[in-house]
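Novice: This is the structure, below, for whatever I ask next.
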Amino acid sequence: MDKHATMTVLKKILKWALIIGGGGFALCIISATIYVIFIFSQFDSSSYKDLTENYELKSKEIFELKTFINSIVPSNKSVDIEFEDNNTLGIFHVTEGGNYDSNWDVETNSGKADTLFQKIGWTTETLKTLKDKLDKANCISVSNGDPCKIGFHRNGMGKYYYNVFSKPIADSLKTTYNDSCTYILFKDNIVLEWGGGAIGNQCFPDLKNGGL
């Protein structure tokens, strides 16, 4: 089993252990999973350098992805979607009228997926086009809005993101979006972000290692 597949399995174990919750067995599972995830995360090659180099190579595709996701999500709704592969959506969260509907490990050809498609007016062809645009941008996830939040790659349980703004960031927001921990202002309308998750580093791992 390769590293990506192993991390996918470990994330699923952790998720279900948290759902079971409370019991000693679940706590043991969680502890063991966290330890193994930590070990595997040390060998992940994704880095700040990869993040910035990918932007320089794929900026056109990244902006096309932003335009597309914002065009296919109704203005009163929001979507956060991440592909595990061509057939599985690791994340497919939908917010509608202030109601947040979280969905994990959704098969693309399933009744659950069809229900979510109906909520936001998508079809399987919409999803295929979105996956194609993500692949062209060399990214794995996207959330609509301004900024549009595009997930580059995971590193352990964390993930690197691009926050893509339609206009240069206002001076009043620069302190928030350039804290040299979670956020780094990269271009006048591009903010890089590290999402450490519940158990990961909360600042860019590269910062901790002196890599920036």
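Novice: Asp188 to Lys128: extension gain in nm, 0.36 nm per residue of separation minus the Cα-Cα distance?
Specialist: 18.5 nm
Novice: Per-residue HN-Hα couplings for the stretch 108-125, Karplus 6.51 cos²θ - 1.76 cosθ + 1.60 at θ = phi - 60°, whole Hz, x for Gly and Pro?
Specialist: These are the phi-based 3J(HN,Hα) values: 5, 9, 8, x, 4, 4, 4, 4, 5, 4, 4, 4, 10, x, 9, 10, 5, 5 Hz.
Novice: To the nearest 0.05, how large is the calculated FRET efficiency for Glu96 and Thr176 if R₀ is 35 Å and r is the Cβ-Cβ distance?
Specialist: Step by step, r from the Cβ atoms, then E = 0.80.
Novice: With the crude spin-label approximation of a point 7 Å out along Cα→Cβ, what separation in nm comes out for Asn138 versus Asn70?
Specialist: Simple spin-label model gives 2.4 nm for this pair.
Only the coordinates and a few stated rules stand behind these numbers; no lab work does. Note that this is a predicted model, so its numbers are computed, not measured. Please note: Cβ atoms are built from the backbone with ideal geometry, for glycine as well, and neighbour counts cover all protein chains shown.
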